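Take a look at the structure below.
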Amino acid sequence: MNVSRILRSVGIAAALVTALAFGTAGQQAPAQPRSRDGFPAGPRAQILAFTATPSSIQLGQSVKLEWTVINADRITLDPDIGIVATRDSRTVTPSATATYTLTAMGYGGTGNDTRSVTVTVEGTTPAAPGATSEASAARPAPRMPDGKPDLNGIYIAPYHSIRAVDKITLKPGAEKYHVGPEYTFSLGEQCLPRGVPDTIGEPYPIQIVQTPGLVVILYEAGEYFRVIPTDGRPHPKDLDPTWMGNSVGHWEADTLVVDVTGVNDKVSVG
């Protein structure tokens with residue numbers, strides 16, 4: 001059924017075109033703001049709630065920080081905590097009166113929102129301003145009980161500089177696979193997975209969940225996920241090719257090395 005033909009037959013199409021082009025009263029509608037890469041900037045990031053419960057404690061007691069944010073590409077909680085999720089909470093035990101600041105950044109760095117809460121620790125003086133998330137990122141990674149680096153957390157590649165450290169080259173026989181950002185961008189335009197490792201570079205959060213023997217990566221983009229055993233098991237036999245392939249990992253000192261196989265020939269490998 002031709003919808004545009006039906007609209008024209010009842011005289012609606014012309015009215016719709018006029019409304020879209022000129023708005024009300026015949027005035028031209030204002031252009032939608034655009035971010036630095038040319039795409040519509042979208043609505044402003046907004047912190048709907050940010051609370052500390054309780055807001056006054058005795059030394060040694062804990063406080064629950066809780067927040068709700070919408071329309072944000074990046075959310076940081078300072079001091080010391082760093083990037084956090086849109087609807088989440090964190091329990092802290094300040095050693096002195098402290099102010100916690102939640103910052104929500106809109107698309108392309110536009111439309112930011114900031115809110116602070118102060119936790120009073122009775123009998124103490126306010127602590128000196130703590131480290132920002134950028135300073136915290138330069139600190140050594142925390143450790144798991146088994147001594148391995150603790151990768152648990154939320155990351156966004158453009159803000160953590162997660163990227164290839166060397167040029168990706170194909171081995172002989174792998175010419176059917178695609179390499180390069182131009183191809184992976186076109187996959188994203190079609191709402192198709194961009195493959196490993198390029199999906200991790202999308203401007204959307206990822207969450208790493210780590211336990212002894214297992215690392216899981218959850219991607220907001222496309223709701224993809226990867227389960228990476230690190231307990232020494234090999235790849236399963238007779239794998240069916242998939243967009244994200246099959247991953248197994250192992251530790252070499254403080255470096256997590258992940259081997260991926262079983263990738264289909266429609267996806268990019270870098």
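Sort R233, R87 by Cβ crowding within 10 Å, fewest neighbours at the top.
Details: R233 10, R87 13.
Taking fewest neighbouring Cβ atoms as first place, the list is R233, R87.
Along the Cα-to-C-beta direction of N112, a point sits 7 Å from the Cα; which residues of the stretch 48-76 have their amide N less than 19 Å from that point?
Taking a point 7 Å out along Cα→Cβ of N112, the residues of the stretch 48-76 whose backbone N falls under 19 Å are 48-50, 68-76.
For a quick protection proxy, order the peptides 113-122, 73-82, 164-173 by their average other-Cβ count within 10 Å, most packed first.
73-82, 113-122, 164-173
Taking R0 as 30 Å, what FRET efficiency do you get between Q190 and N71 from their Cβ-Cβ distance, rounded to the nearest 0.05?
Step by step, r from the Cβ atoms, then E = 0.75.
If the cut-off is a Cα-Cα distance under 28 Å, which lysines reach K176, setting aside same-chain residues fewer than 8 apart in sequence?
Once the sequence-local lysines are set aside, what remains near K176 is K167, K237, K266.
Between H235 and L48, what is the label-point separation in nm under the 7 Å Cα-to-beta-carbon projection?
Inter-label distance under the simple model: 4.4 nm.
Roughly what would the spin-label model give for K176 and D80, points 7 Å off Cα along C-beta, in nm?
In this crude spin-label approximation the distance works out to 5.3 nm.
Wrap a convex hull around the Cα atoms of the stretch 46-133, take a quarter of its surface area, and give that in square nanometres.
Taking a quarter of the hull surface, the average projection is 5.1 nm².
If r is the Cβ-Cβ distance from V227 to L59 and R0 is 51 Å, what FRET efficiency results, to the nearest 0.05?
Taking R0 as 51 Å, the efficiency between V227 and L59 is 0.75.
Applying 1/(1 + (r/R0)^6) with R0 = 35 Å to the Cβ-Cβ distance of L218 and T125, what FRET efficiency is obtained, to the nearest 0.05? Before the final figure, lay out the partial values.
Working: r = 41 Å, r/R0 = 1.17.
About 0.30, to the nearest 0.05.
Filter the GluC sites (Glu not before Pro) in the stretch 180-270 to those in DSSP coil with at most 16 other Cβ atoms within 10 Å of their Cβ, and list the result.
Hits after loop and neighbour filter: E220.
L102: net charge of surrounding residues, Cβ under 11 Å, Lys/Arg +1, Asp/Glu -1, itself excluded?
Local net charge: -2.
Report the local net charge at Y219: Lys and Arg +1, Asp and Glu -1, summed over other residues whose C-beta lies under 12 Å from its C-beta.
It works out to a net charge of -2.
Tell me the net charge near L170. Cut-off is 14 Å between Cβ atoms, L170 excluded, with +1 for each Lys or Arg and -1 for each Asp or Glu.
0
Using Cα positions and a limit of under 16 Å, work out the aspartates and glutamates in reach of K171, with same-chain residues fewer than 8 apart set aside.
Filter leaves D259, D265.
Rule-based calculations on the coordinates, nothing more; no lab input. The shown structure was predicted, so the numbers you read here are calculated from the model rather than taken from an experiment. Heads up, the Cβs are rebuilt from the backbone with ideal geometry, glycines too, and the neighbour counts pull from every protein chain shown.
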